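We did not get these values from a lab; they are worked out from the coordinates using the rules stated. If you're wondering where the values come from, they're calculated on a predicted model, not measured in any experiment. A quick note on method: Cβ atoms are made from the backbone with ideal geometry, for glycine too, and the neighbour counts reach across all protein chains shown.
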Amino acid sequence: MEHILTDDLQVLISVLPPHLKVALADIGESQNLLEIVLDLGRLPEARYTHGEKILAETEVTEADIDYIVSRIGDFSEDNRAGIPRTLHRISAIRNRKGRVVGLTCRVGRAVFGTMDIIRDIVESGKSVLLLGRPGVGKTTMLREAARVLGDTKRVVIVDTSNEIGGDGDIPHPAIGKARRMQVPKPALQHEVMIEAVENHMPEVIVIDEIGRELEAEAARTIAERGVQLIGTAHGQTLDNLLMNPTLMDLVGGIQSVTLSDEEARRRGTQKSILERKAPPTFDILVEIQARNRVAAHNDVAAAVDSFLRGRPLSPEIRTRDVETGAVDIRRPETRVHLAPRQGERATARRERGDGKMGERPAHHALPAPGAARKPMRFYPYGVSQDRLETAAKALDVPIRIVDDVNEAEAVLTLRNYYKKRPPAVVDAERSGIPVYVLRSNTIAQMEGILEDLFGVAVKDDPLSQALQETNDAIQRVLNGTHSVELAPQSAFIRRFQHERIREANLFSRSLGKEPRRRVRVYASEVG
């Protein structure tokens, strides 16, 4: 359950003119107060969660505004100020001469438990982007994420407007053990983001309000180095982000592609289509719909691809009970996976190596050398068990065939059986068990499914070869070589190389320009 750590409300009220302090005390309901709005020549208002109330019958004067301005910190270039060691934010409206003619005094609260609804997502180690309308709780959730992760990881907050860590040089205790870097000017946020990675070796970077193209580019650079990102951006849904030309790069971007006549006929589309341009910077996107309800896209690459094909994937809906704090997770209904043809699998491998398909989903990640795979339980319906076992042996992956569909992790069937909707397949879909439909009862089709499910790396897989080269380079550096330069690779593969190097407690940097951009491994950090 949520409970307020502190809101330091009396500190905010203390900077208000005396007659407004009295009015707020008469109204009460301080726990529901959101902000106080003062505009020159208008009646002062207090905005609560359930509506607005007038604080006085006299208009706001210049003296009232000057009274507040003289008692708070200096305004930055984005016209925001605060009160030292609190989370309150005072935003100014100026006239053309630069004089303050309006103030929005927003109450800042630190709330424990607000991140419980997505705690497993944040602690997964994947980069997470939070979206939501103003006031829905993005920054509160971001602050809580920094505090929770700071207990076990090196966390650095890039605090552009001092909203996460509060105003002043000493950060608010709500961020826990996380470290805070302030930004001198909003336009320099991207430089501070890069500085945080280069100087302080964080495992997690927390960023509020990614809103400029340079910041989006800096986020991609950070993600490519294997650092987890937790950030917020303007927008409410994935659709909004894809329509924003400045920020669409956070989810991979969009480009127009012209297909050949044959490919257009095969896909059943027009010749000119939209496709994702690059791997997404953030692995997971969370739409904050309300304080206790979110929609999570657990695979941003797949979500964007499906959206561009006109078949958007349903997000995972999470709701939290206000009384008990219990989180209910409603996953989208199971979708049927059609096995690719053998030629399509080869093409997919090549495209993965070229960085055209983006990151592999979590269950496609290549296992660490020598890691034991857990046997996967299959329920074959109308599929040859002998051929399935032969395919598993050929790929050296562990499987177990079960007789009860409810014990299975995946169901395999043929297309003609699936069309008849047998009870076993229907039960599997209702239970959320994925159904994989084979085009034919052949070993090649079964190998294609197993390759995808187990993330099997074939010998000619560019990613496998690049990681082997990375391992060799790491060993050379550990043996005394100052630096080793790797072969040029795509951005997709370079990201895996940076992660592998970081795991070895070494340093790396990308050099050169595409298509000759490459990674260099160092024994120590370079300037």
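Of the residues 446, 125, 406, the one whose Cα sits farthest toward the positive end of the charge dipole of the chain, with +1 on the Cβ of Lys and Arg and -1 on the Cβ of Asp and Glu, is 446. Note on segment 3-109: percent of Cα-Cα distances in each 5 Å bin, starting at 0 and stopping at the bin with the largest distance, equals 2, 12, 25, 26, 20, 11, 3, 1, 0. Here's the picture: charge each Lys and Arg Cβ at +1 and each Asp and Glu Cβ at -1 in the chain, and of 300, 72, 135 the one pushed furthest to the positive end of that dipole is 300.
If both residues of a DSSP beta bridge must be in segment 9-82, then about 90% of such bridges are antiparallel. So if we plug the beta-carbon distance of residue 95 and residue 54 into 1/(1 + (r/R0)^6) with R0 = 25 Å, what FRET efficiency do we get, rounded to 0.05? E between residue 95 and residue 54, to the nearest 0.05, is 0.55.
Among 294, 204, the ranking by other beta carbons within 10 Å of each residue's beta carbon, starting with the fewest, stands as 204, 294. Between the Cα long axis of helix 213-224 and the first principal axis of the chain there is an angle of about 50°, rounded to the nearest 10.
Taking the Cα centre of the chain as origin, work out the dipole magnitude from +1 charges on Lys and Arg Cβ and -1 charges on Asp and Glu Cβ, in debye rounded to 20. Please list the in-between numbers first.
Details: 75 positive and 76 negative charges, 314 e Å.
That gives a dipole near 1500 debye.
Within the shell of other residues whose beta carbon sits under 11 angstrom from the beta carbon of residue 408, the net charge comes to -3, with Lys and Arg scored +1 and Asp and Glu -1.
Evaluated with a Cβ-only charge set (Lys, Arg +1; Asp, Glu -1), segment 101-220 carries a dipole of roughly 300 debye about its Cα centre, given to the nearest 20. Calculate how many DSSP beta bridges within segment 372-518 are antiparallel, expressed in % of all such bridges and rounded to the nearest 5. Just about 10 percent of them are antiparallel. For the pair residue 199 and residue 401, a Förster radius of 60 Å applied to the C-beta separation gives a FRET efficiency near 0.65, rounded to the nearest 0.05. Karplus-derived 3J(HN,Hα) values for segment 283-292, using 6.51 cos²θ - 1.76 cosθ + 1.60 with θ = phi - 60°, are 6, 10, 10, 10, 8, 7, 7, 7, 4, 10 Hz; glycine and proline are entered as x. The label point for residue 124 and the one for residue 177, both projected 7 Å from the Cα toward the Cβ, are 2.4 nm apart. What the Cβ-Cβ distance of residue 420 and residue 327 gives, at R0 = 56 Å and to the nearest 0.05, is a FRET efficiency of 0.90.
Computed extension gain for residue 11 through residue 308, at 0.36 nm per residue and net of the alpha carbon distance, reaches 102.0 nm. Helical runs assigned H by DSSP (4 residues or longer) give the chain a calculated mean residue ellipticity at 222 nm of -9000 deg cm²/dmol, each run adding -39500 (n - 2.57) before division by the residue total.
For the set 153/513; 53/138; 126/420; 138/374, the pairs lying more than 30 angstrom apart at their alpha carbons are 153/513; 126/420; 138/374. Taking the Cα centroid of segment 422-443 and of segment 184-218, what is the distance between the two, rounded to the nearest whole Å? Rounded to whole Å, the Cα centres lie 46 Å apart. To test your reading of the geometry: what angle, between 0 and 90 degrees and rounded to tens, separates the Cα axis of helix 342-353 from the longest principal axis of the chain? Its long axis makes an angle of about 40 degrees. 3J(HN,Hα) along segment 94-110: 10, 8, 5, 8, x, 7, 6, 10, x, 9, 10, 9, 9, 6, x, 10, 9 Hz, from the Karplus curve 6.51 cos²θ - 1.76 cosθ + 1.60 with θ = phi - 60°, whole Hz, x for Gly and Pro. The DSSP beta bridges internal to the chain are antiparallel in roughly 60% of cases. If you line up the long axis of helix 462-478 against the longest principal axis of the chain, both from Cα atoms, how many degrees apart are they, to the nearest 10? Relative to the chain, helix 462-478 is tipped by roughly 70 degrees. Here residue 97 is the anchor, and the lysines within straight C-alpha reach of less than 24 Å, apart from those fewer than 8 places off in the same chain, are 185.
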